[in-house]
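Derivation of every value follows stated rules applied to the coordinates shown; laboratory data play no part. Everything numeric here is computed off the predicted structure, so don't read it as measured data. As a convention, Cβ positions derive from the backbone with ideal geometry for all residues, glycine included, and neighbour counts pool all protein chains shown.
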């Protein structure tokens with residue numbers, strides 16, 4: 001059964017929890033929009049656990065990037081993409097072409113050659129920043145089902161696959177806006 005802790009409890013136990021994330025911990029965390037389910041995006045086995053929890057085989061996952069410089073190093077950042085990067089941190093997931101595919105586990109991108117990156121306007125962005133590694137960022141729900149906004153609407157099937165839940169109350173926002181920057185012009189993708 002997943003332990004449920006508050007954000008303040010996370011901060012008190014941060015060094016221990018970050019070590020556990022490096023070892024494969026799968027966790028639910030708050031963002032500036034809704035709750036996400038994540039892990040170290042370089043850990044293939046932990047990513048596979050999230051795929052099983054969400055019952056999502058094919059679609060790529062996005063990540064919370066450790067920094068904008070990490071994005072610039074690992075993704076192709078065009079002039080158009082730079083405009084959108086300037087909006088981060090914020091409620092946007094930017095889909096970029098990869099230039100360094102080994103920056104995440106292969107089962108994050110599913111061979112797409114692209115990566116969705118975000119930096120939430122929330123303290124949770126510091127998890128990736130402190131680790132210096134990307135964190136999987138996907139909604140905490142079964143694929144095609146309602147996303148998690150509170151503990152009350154967390155799917156029991158998802159919950160049984162996570163080790164830890166960092167909870168800070170009900171979220172009243174929508175998922176981040178998806179912006180496809182793989183072409184010449186930005187394209188907003190409807191969810």
Selected residue (criterion: nearest to the chain's Cα centre (by Cα)) from residues of segment 20-33 that are surrounded by fewer than 20 Cβ atoms within 10 Å (Cβ to Cβ) and in contact (Cβ under 8 Å) with a residue 60 or more places away in the chain: 32
Subset of segment 37-48 (residues that are part of a helix (DSSP H, G or I) and touching a strand residue (DSSP E or B) at 6+ places or on another chain (Cβ under 8 Å)): 46, 47
Yes/no for residue 51 being crowded, with 20+ Cβ neighbours inside 10 Å, outside any loop (DSSP other than H, G, I, E, B) and without any contact (Cβ under 8 Å) to a residue 60 or more places away in the chain: yes
Output for segment 130-140, where each listed residue is in contact with a strand residue (DSSP E or B) (Cβ under 9 Å, 6 or more places away or on another chain) and farther than 16 Å from residue 165 by Cα: 131, 133, 134
Boolean, residue 17 is in contact with a strand residue (DSSP E or B) (Cβ under 8 Å, 6 or more places away or on another chain), touching a residue at least 12 places away in the same chain (Cβ under 8 Å), assigned to a strand (DSSP E or B) and farther than 19 Å from residue 176 by Cα: no
Unmet criterion (only one of (1) closer than 19 Å to residue 181 by Cα; (2) within 12 Å of the chain's Cα centre (by Cα)) for residue 113: (2)
Residue match in segment 47-70 (condition: more than 12 Å from the chain's Cα centre (by Cα) and within 20 Å of residue 186 (Cα to Cα)): yes
Search result, residues across segment 20-36 that are out of contact with any strand residue (DSSP E or B) (no Cβ under 8 Å at 6 or more places or on another chain) and under 20 Å from residue 146 (Cβ atoms): 32, 33
